[in-house]
1. Net charge around ASN66, counting only other residues with Cβ within less than 12 Å of its Cβ (Lys, Arg = +1; Asp, Glu = -1)?
2. State, as an integer percentage, the relative contact order of the chain based on alpha-carbon contacts under 8 Å between residues 6 or more apart.
3. How long is the gain from ASN6 to THR56 if the chain were fully straight, where each residue apart is worth 0.36 nm and the alpha carbon distance is subtracted?
4. Report the Cα-based extents of the chain along its three principal axes, largest first, to the nearest Å.
5. Of the accessible area of the chain, with the probe set at 1.4 angstrom, what percent is carbon plus sulfur?
6. Any idea of the accessible area per residue across region 17-75, 1.4 Å probe, to the nearest Å²?
7. Sorting check: for 60-72, 39-51, which peptide has the highest mean count of neighbouring beta carbons within 10 Å, and how do the rest follow?
8. Net charge near VAL55, counting Lys/Arg +1 and Asp/Glu -1 over other residues with Cβ under 13 Å of its Cβ?
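The values are calculated or read from the model by the stated rules, or taken from the named source; none is laboratory data. This one's a predicted model, so the numbers in the text were calculated from it and none came from an experiment. Neighbour counts are summed over all protein chains in view; Cβ atoms, including those assigned to glycine, are modelled from backbone coordinates with ideal geometry. Note: areas computed on protein heavy atoms with side chains; ligands, DNA, RNA excluded. Shrake-Rupley method; radii C 1.70, N 1.55, O 1.52, S 1.80 Å.
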Amino acid sequence: EGSCINAETHVIPFNNSFRETQSFSGTYATLPVVAVTSEDENVNLFITNLQLGSVTIESSAPFTGNVHLQVFEDN
């Protein structure tokens, strides 16, 4: 009762790139749970570096498009 989920979302533009880093808006005491999804491109996405304040995402090939990032506090 009364519990809520601490979450944030971001849209990360890739411009003929295969690696982008996004800083988080929130503050996390433990590593958050993150999920990434490409809008329309036929690429695979990988989280290559996850820290308390940011995440680095790489794709299987350079592309131009948006990646959606969801960040959830790990309870």
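1. On the way: positive: none; negative: GLU20, GLU39, ASP40, GLU41.
Net of charged neighbours comes to -4.
2. Working: 154 pairs, mean separation 35.1, N = 75.
Computed over the chain, the figure is 47 percent.
3. Working: separation 50, 0.36 × 50 = 18.00 nm, distance 2.04 nm.
Length difference between fully extended and current span is 16.0 nm.
4. Principal extents (largest minus smallest coordinate, Cα): 44, 21, 17 Å.
5. Values: 2210 of 4810 Å².
Accessible surface attributable to carbon and sulfur in the chain totals 46 percent.
6. Values: 3460 Å² over 59 residues.
In whole numbers, region 17-75 has 59 Å² accessible per residue.
7. Details: 60-72: 15.1, 39-51: 12.5.
So the peptides 60-72, 39-51, ranked by packing, come out 60-72, 39-51.
8. Numbers: positive: ARG19; negative: GLU8, GLU20, GLU58.
Computed value for this residue: -2.
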